[in-house]
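Have a look at the structure below before the remarks.
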Amino acid sequence: MPGTLAEKQEKDFMTIHRNNNQSRRGSTCVLLFILLMAGSCNRDLSDDPIPVVYFPTFTINLFLPEYTSLAVDGGYKSVSSIAGSSVGVRGIIIYRKDKTTYLAYEVNCSYHPNEAASNVGVHASGLFLVCAGCGSNFSFTDGTPTGGVAWRPLRKYRTELSGSSLTITSEIAN
């Protein structure tokens, strides 16, 4: 049997208040979910394809003075041309991973590669590569992005070591 009018009104008020709180919590959860999804989908996967520029195969003698930086693991050398011929789109960076493995990366960044500032260089620490334009970081060991907006690895060119001769071709290795 229902109580007094005041008790019934208080019960109705509590029911309405409880329903409103649940509705607000549900709306807050939906809003939070939408904001999280919007924030996690901000990568621009529609950027331009990486240009391809074929260059003549070239061989460098690792014993020459200009390549002494490649005599130790972790050493690197930037090369924009060999014997008057340009290499890569904007040059390459040669990296010595170990005594038998040399890697050659395109200087052109993989993120919006047609923009003028999309140039990768070696960070001041010498531990990774960084793009001057977008600020993305790349691993020396495999060219994958390790920070920033870039989502594709740097273009890697085929290398072959024979004694002290390192041959680099425009054949894409990745």
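The values are calculated or read from the model by the stated rules, or taken from the named source; none is laboratory data. No experiment lies behind these values; they were computed from the predicted model shown. Here the Cβ is made from the backbone with ideal geometry for all residues, glycine too, and neighbour counts use every protein chain on show. Please note that ligands, DNA and RNA were not included when accessible areas were found on the heavy atoms of the full protein model with its side chains. Shrake-Rupley method; radii C 1.70, N 1.55, O 1.52, S 1.80 Å.
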> Can you list the residues, at least 5 places off or on another chain, whose amide H is less than 5 Å from the amide H of R155, using H built in the peptide plane?
Replying inline: E106
> Between T146 and residues 5 or more places away or on another chain, which pairs have amide H atoms under 5 Å apart, with H built 1.01 Å from N, and which residues are they?
Replying inline: N137, F138, S139
>> With a 1.4 Å probe and all protein chains kept in place, how much accessible area does Y95 have, in Å² rounded to the nearest 10?
In response: 30 Å²
>> Taking θ = phi - 60°, what integer Hz values does the Karplus form 6.51 cos²θ - 1.76 cosθ + 1.60 yield along segment 158-167, in sequence order, with x for Gly and Pro?
In response: 5, 10, 9, 9, 9, x, 9, 9, 10, 9
> On average, how much accessible surface per residue is there in segment 99-166, in Å², for a 1.4 Å probe, leaving out ligands, DNA and RNA?
Replying inline: 43 Å²
> Under the Karplus relation 6.51 cos²θ - 1.76 cosθ + 1.60, θ = phi - 60°, what is the ordered set of whole-Hz ³J(HN,Hα) values for segment 61-69, x standing for Gly and Pro?
Replying inline: 8, 5, 7, 5, x, 5, 10, 4, 5
> Can you pull the accessible area of I92 for me, 1.4 Å probe, Å² to the nearest 10?
Replying inline: 0 Å²
> More than 26 Å apart: what percent of Cα pairs in segment 41-164 qualify?
Replying inline: 19 percent
> Can you list the residues, at least 5 places off or on another chain, whose amide H is less than 5 Å from the amide H of I82, using H built in the peptide plane?
Replying inline: V87
> Roughly what would the spin-label model give for E160 and V52, points 7 Å off Cα along C-beta, in nm?
Replying inline: 2.0 nm
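To the nearest 0.05, what FRET efficiency results for A173 and K99 with a Förster distance of 25 Å applied to their C-beta separation?
On the way: r = 19 Å, r/R0 = 0.76.
The calculated FRET efficiency here is 0.85.
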> Given segment 126-174 reduced to its alpha-carbon atoms as identical point scatterers, what log10 I(q)/I(0) does the Debye formula return at q = 0.16, 0.21, 0.31 Å⁻¹?
Replying inline: -0.54, -0.77, -1.08
> Just going by the charge dipole of segment 48-133, with Lys and Arg at +1 and Asp and Glu at -1 on Cβ, which of A71, N114, Y54 is farthest out on the positive end?
Replying inline: A71
> By per-residue mean of other Cβ atoms within 10 Å, what is the highest-first order of 141-150, 82-91?
Replying inline: 141-150, 82-91
